[in-house]
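The values are calculated or read from the model by the stated rules, or taken from the named source; none is laboratory data. These figures come from a predicted structure and were not determined experimentally. Heads up, the Cβs are rebuilt from the backbone with ideal geometry, glycines too, and the neighbour counts pull from every protein chain shown. SASA here: full protein model, heavy atoms, side chains in, ligands and nucleic acids out. Shrake-Rupley method; radii C 1.70, N 1.55, O 1.52, S 1.80 Å.
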Amino acid sequence: MKQKIIYSFVALIAFSGCSTISQNEVFNALREETSKNLQWIKTPQEAEIVKKNVNDLLSQPLNQENAVHITLINNRSLQQMYEEIGLSQSELVQAGLMSNPLLGYTIGRGGGVTKSTLSLDVALLDVLWIPLRRDLAGVALEETRFRVGDEVLRTVREVKKAYIDAQVAQKKLALYEGLLKSHEASIQLAIRQHTAGNLSKRNLLKMQDTYARARLEAIELNRKNAMARETLNRILGLYGDQTNYTLEETPLALGIAISDDKGLETRAIKNRLDMNAAIKAVDYAARDAGYTQKTRLLSEIEFSAESEKETDSQGFNSFGIKIPLPIFDFGQGRVGKAQALYNQKVHRLYEVAVNIRSQVRESYAESRYAYDKAVETNEVIVPVNQEILEETKLFYNGMLDGVYELLEDHRRYGEAKMEAISAFGEYQKAQSDLEYVLGGTDNGTK
Amino acid sequence: MGQNRRDFLGLSATLLASAGLGASLKAQEHDHGGHGESSSPKRHLTRVEDPKRVLSPATVITPQEGKNYNPVVTLNGWTLPYEMKEGVKEFHLIAEPVVREFAPGMVVNCWGYNGTSPGPTIEAVEGDRVRLIVTNKLPEHTTIHWHGLILPNGMDGVGGLTQPQIAPEETFVYEFTLVQSGTFMYHPHADEMVQMAMGAMGMFIIHPKNPKEHRVDRDFCFLLSSYDIAPGTYTPNPSTMTEFNLWTFNSRVFPGIDTMNVRVGDRVRIRVGNLTMTNHPIHMHGHTFEVSCTDGGWVPKSARWPEVTTDVAVGQMRAIEFVAKHEGDWSIHCHKSHHTMGPMGHSIPNMIGVKQDDIAQKISDLLPDYMYMPMGKSGMAEMSDMADMGMALPENTLPMMSGQGPFGPIEMGGMFTLVKVRKNQPKGDYSDPGWYTHPSGTVAKKR
């Protein structure tokens, strides 16, 4: 009899121990959906390799592409997300395991008689629910994968925007140096004019005020630069000497704007990973509700086998079954809860879809108008101010304008160039938003 | 979605339009006469290739029937031809937008008569019956007032007071007998401020009945007028009251003004009328002169006194007379120093005595493609050098000081010209003899 029990036990283990999908397989699928550069740090060795890679990437002036790369391997918030896959996958393994049988042994002695009982209780019906549970856990894992993928793309967007902010802040700061010099020349001349007796104290003070405000602006630009740089550092996951990297000296460029919004919403609905996650969540809730329905009464059926042995007597084997009587609990509570959860997920899916469509329209408009603004600024405002400066030079030649006007219009031109840099940055950030909103670009991060 | 491709293209079209702005601005440069109504013919601006064609010799109209007067020479101007109609001298004046070259390098959208501003000089003789037929081709109504003439009240040309205004495209006839002789002017008396600020004016010379009376060998005339033409523009600002930047003889500025070229021994008369809004002390070098004629007529010989400067007040006319005795190139100009200057910024910072060299280097570094020169440290004469070096100025703008003489830059502008007195200037020849050749030992020299 013992053998029989053991056989059936082995059979159960065999039945439940079917092969499951590995963490690596899931992570590879995630890479397919997001970026091949994704790297999951699981061991100190891997951490070392990542650190070396990061330092290599930082040894040359940082461009946006490498900033994204560093984030994907070095951002510890993303690493936490990758572990979500580990968690879900473990759930899946767990789901394939049957509840452990209870092995009991009792021994009693009385009147010279020793009685021992060996028992084995198995929640046998549990075996039947294993495929259902595995199914559920599989769906949950897929949902997790999409959720993690969405977070990866979100972070890619954030690092791209942080990189643009840092680049814009640095370029504006550099341009402002020229403007500040121009202000300096003005105030120096004014001081000398005053000393020579040609400029009243009042007018000198007014110019001093202008100069002081220019210096304030320089401080503000320095502050913005430091803040932008630090936001980028944080997303890149850098500290210490690593933060001494330089940004690549590329001019900000306007790509080709998407000039047509046809099909964008459909594309986003199809590609967005949070949309896919929401679909999976509905799927999960539906299956979970079905599971609950099936197991509402019979989930706790137990089979037991007992072998009793008394001193000097024949062993006595018995088999038994315990069935919960649905007198008080028909499982209606659990069923109702599952139903509510399912409804919740359906509403959630609806909400996600509506929001995504709205985001697409919003982001498209944002990027398109930002493009127009950038073009208008760069192709009209900047050259017009350049021409103004050229004309002012002619007026200066003719003693029709003084040196202060000349310097002022020099600064106007500089300010126009700073505006153009801001406008380019706004467009590029809008473009990063649009990329995310559409569920990744066709090439690149997707 | 709200934003479709068509909207996007619409914005692009705006961009294209503004990108094309430069080109359209350039096209307009050739059409400066077009500031009037569409009914007035558009004059196309052309740069004068050969300034001599519009400079001297001045047009001199000699009387057709009997030499009964000695004609005047209008600097950079001309005399209006007339027709005799049944004993009446008939003149045709057309008030219209015109383009006037103030000096080589600058043309101005003016209002004037018969194609020029100032209009042609009207010359007639005391006792003449004249008929002045005035056609208005200006975009607004006008009249003509005959400044200083004794005439019937209804011929005085004051809009609303003595006649209705002459509407655009209308023609009015003035007819009266000239009962006096002397130096007079004509100008609008309808929206007078605008029309005179735009240059609508002219001289009216009435010769004495007896040609021997007040006879001179050379008789010159010009009007004083002032304009506010912002640097880089072409049209006078008619709402300016005091801050004019161009001071002219007959709507010309030095070095674009005819010189008055005479022969030693000539008796010379120079008639000046002032239609600016300020007085002008007209000063001549090398001779003393007498004022022989005012707005009211001839000054009795006993009442004249010698002088070298005579103030011509607003609305006045003065004729000065002298015998050209001293050979040379003698300046004649308004003695207000800013009236002998081209346009200049009145609010430029005062840099006299301010050391700038090191800051100049800093500014040059900020403007790498520009030859920056600090100005005004030791005065403004360097401006003249800059102009000679061909330093570019705003379009259609004259340098503050210019003119090149035989010894260097003359550093003048505005109301400045020369009386050139020569032994060998042929009689009746008004052409420029060139620079004076000084006898040796008569020129100031470096010690």
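Annotations
- When the convex hull of its Cα atoms is projected in every direction, mean area for the protein assembly as shown (nm²): 62.8
- FRET E, pair B:GLU90, A:ILE388, Förster distance 45 Å, beta-carbon r, rounded to 0.05: 0.25
- When the Cα positions of A:LEU128, A:VAL148, A:SER186 are compared along the charge dipole of the range A:120-257, A:SER186 comes out farthest toward the positive end, with charges on each C-beta of Lys, Arg, Asp and Glu.
- Accessible surface, 1.4 Å probe, highest first, among residues B:SER239, B:SER292: B:SER239, B:SER292
- 3J(HN,Hα) along the range B:237-248: 8, x, 8, 6, 10, 10, 8, 7, 10, 10, 10, 10 Hz, from the Karplus curve 6.51 cos²θ - 1.76 cosθ + 1.60 with θ = phi - 60°, whole Hz, x for Gly and Pro.
- Amide N of the range A:307-340 lying under 13 Å from the label point, which is placed 7 angstrom from the Cα of A:THR114 along Cα→Cβ: A:309-313
- Total formal charge among the other residues, if their Cβ is under 13 angstrom from that of A:GLY320, Lys/Arg +1 and Asp/Glu -1: -3
- Projecting the Cα atoms of A:ASN74, A:TYR163, A:GLN60 onto the charge dipole of chain A, computed from C-beta unit charges around the Cα centre, puts A:ASN74 farthest toward the positive end.
- When only the Cβ of Lys, Arg, Asp and Glu is charged (+1, +1, -1, -1), the dipole of the range A:97-173 relative to its Cα centre reaches about 400 debye.
- The accessible area of A:ILE321, taken with all protein chains in place and a 1.4 Å probe, comes to roughly 90 Å².
- Comparing mean-square fluctuations of A:SER422, A:SER200, A:SER22 from a GNM of chain A with C-alpha springs under 10 Å, the top value falls on A:SER200.
- Label zone at A:ASN24 (point 7 Å along Cα-to-Cβ), backbone N below 17 Å, the range A:47-81: A:47
- Computed on protein heavy atoms with a 1.4 Å probe, the accessible areas place A:TYR350, A:TYR291 in the order A:TYR350, A:TYR291, largest first.
- Estimated translational diffusion coefficient (Stokes-Einstein, Kirkwood radius over Cα pairs, 37 °C, 0.692 mPa s) of the range A:2-437: 116 µm² per second.
- Selection among A:ALA196, A:LEU221, A:ASN244 by position relative to the dipole of the range A:179-255 gives A:ALA196 as farthest towards the positive end (Cβ unit charges, Cα centre).
- Cα centroid separation - the range B:100-138 against the range B:408-439, whole Å: 26
- Label positions at B:TRP435 and B:ARG304, each projected 7 Å from the Cα along the C-beta direction, are separated by 3.4 nm.
- Value of [θ]222 nm, deg cm²/dmol, for the protein assembly as shown, DSSP H segments ≥ 4, -39500 (n - 2.57) each, nearest 500: -13500 deg cm²/dmol
- Relative contact order (%) - the range B:51-215, alpha-carbon pairs under 8 angstrom, separation at least six: 23
- Accessible area expressed per residue, the protein assembly as shown, with surrounding protein chains retained (probe 1.4 Å, Å²): 49
- Treating each Cα of the range A:191-342 as one equal point scatterer and applying the Debye formula with no solvent, the log10 of I(q)/I(0) at q = 0.15, 0.16, 0.19, 0.20 Å⁻¹ comes out as -1.06, -1.09, -1.18, -1.22.
- With a Förster radius of 56 Å applied to the C-beta separation of B:ASN279 and B:ALA167, the computed FRET efficiency comes to 0.95.
- Size of charge dipole - the protein assembly as shown - debye, nearest 20, with Cβ of Lys, Arg +1 and Asp, Glu -1, no other charges: 980
- Length released on extending from B:LYS427 to B:ALA230, taking residue separation times 0.36 nm less the Cα-Cα span: 66.7 nm
- Pairs with C-alpha atoms separated by more than 21 Å, drawn from the list A:LYS171/A:LYS373; A:LYS171/A:LYS417; A:LYS42/A:LYS161, are A:LYS42/A:LYS161.
- Highest-MSF residue in chain A out of A:GLY320, A:GLY112, A:GLY197 [GNM, Cα springs under 10 Å]: A:GLY112
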